[in-house]
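Here the structure comes first, spelled out in structure tokens, and everything after it is commentary.
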Amino acid sequence: MAHEPVKDSDPTLGKLVMDAQRDISTLISKEIELAKSELKISVKHGGTGIGLFAGAAFLGLLAVIMLSVSIAYFIHWAGLGLHWAFLIVFGLYVLIAALLAFIGIKQVKQVKAPERAIQQGKQIPQALKGRP
């Protein structure tokens, strides 16, 4: 087994390490650039989506207003005064809002602290000290 002598053109270990370090650095920077460009596209689509949802919500609000006026005029058409018709629609919305608030309060009261996670969190300092 004869070993070939080292030639001047063969890379040294230091040069190989530096090349690998440079290549890894380049790879990481290219990955970061790719992630940035993907995020820009995602943010653009997300912003457009949010804008469209806002437009839909605004048009939905206008539709509810128009429906409210229509209901009031139908009540007026049935023979009740226009002011009473609008007051009935107003009262209906107040009742619906009160019902939704009541249901919301009941739901919020059911929220509980994450007791198991808190208990486990209290055990971590003891475990780090070597106690069971």
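The values are calculated or read from the model by the stated rules, or taken from the named source; none is laboratory data. Keep in mind that this is a model prediction, so the values were computed, not measured. All Cβ positions, even for glycine, are placed from backbone atoms using ideal geometry, and neighbour counts span all protein chains on display.
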Exercise. Can you name every residue in the stretch 31-72 that is modelled with pLDDT of 85 or more and among the acidic types (Asp, Glu)?
Worked result: Glu31, Glu33
Seminar exercise, completed: A careful count of residues in the stretch 7-36 that are of a type in the set (S, T, N, Q) and surrounded by 10 or more Cβ atoms within 10 Å (Cβ to Cβ) gives 4
Problem set entry | Selection from the stretch 36-93 of residues that are among the polar types (S, T, N, Q) and within 32 Å of the chain's Cα centre (by Cα) | Ser37, Ser42, Thr48
Exercise. Of all residues in the stretch 75-93, which are surrounded by 10 or more Cβ atoms within 10 Å (Cβ to Cβ) and among the aliphatic types (A, V, I, L, M)?
Worked result: Ile75, Leu80, Leu82, Ala85, Leu87, Ile88, Val89, Leu92
For this session: Would you point out which residue out of Lys112, Lys40 is assigned to a loop (DSSP other than H, G, I, E, B) and among the charged types (D, E, K, R)?
Result: Lys112
